[in-house]
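Q: Take this structure first; my questions come after.
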Amino acid sequence: MQAKLESSLGRVIGWVLIATTLLVTPMWSLDPINPIKMLVIVPGGFMCLGLILANHRSVNWGSYRVVLGLIAVFVIWQVLVVLISSGENYQQLFGFQGRNTGFITYLAFSLIFKANGPR
């Protein structure tokens, strides 16, 4: 089961990395880079989460507790900022126009980081 999980996660992460690197739309959109890359990274991160949760018994949760703790603190901090801050909700979730570095993108990065880390 461990090899199957690693193989599936490896394929998902590989395709996400390839698509993120290659997808740029200079002829079609006003901001040709960041929203398109976010469109690939966010589903890729949640696919990694789905694979990890579907195979949660084969995931070695005890290894690298510090890394998992830091990821958890980072995500909790992001949730608190979104809930407490008086900024615009869409801007907090998706990020500033042209940057797309909001809560959803950072959550997806955290999920990809966990999927790429120890299992």
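Q: If you average the sequence gap of Cα pairs under 8 Å that are 6 or more apart and divide by the length of the chain, what percent do you get for the contact order?
A: 34 percent
Q: Find how much the distance from LEU93 to PHE113 grows on full extension, using 0.36 nm per residue of separation minus their present alpha carbon separation; answer in nm with one decimal.
A: Working: separation 20, 0.36 × 20 = 7.20 nm, distance 1.94 nm.
That pair, LEU93 and PHE113, stretches by 5.3 nm at full extension.
Q: Over the Cα atoms of segment 70-119, Rg to Rh with Kirkwood Rh, two decimal places?
A: My calculation of the ratio gives 1.03.
Q: First select every other residue whose beta carbon is under 15 angstrom from the beta carbon of PRO43; then total the charges, Lys and Arg +1, Asp and Glu -1.
A: Numbers: positive: ARG11, LYS37; negative: none.
Taking every other residue near PRO43 into account, the sum is +2.
Q: In whole Hz and in residue order, list the ³J(HN,Hα) couplings for segment 72-79 that follow from phi through the Karplus curve 6.51 cos²θ - 1.76 cosθ + 1.60, θ = phi - 60°; x for Gly and Pro.
A: My calculation for segment 72-79 gives 5, 4, 4, 5, 4, 4, 4, 5 Hz in order.
Q: Right, something else. If you take every residue apart from TYR106 with its C-beta less than 14 Å away from the C-beta of TYR106, what net charge results, scoring Lys and Arg +1 and Asp and Glu -1?
A: Within the 14 Å Cβ shell, the charges total +3.
Each value in this text was obtained by applying a stated rule to the coordinates, not by laboratory testing. Computed from a prediction, not measured in an experiment: that's the story for all the values here. So basically every Cβ, Gly included, is an ideal-geometry build from the backbone, and we count neighbours across all protein chains shown.
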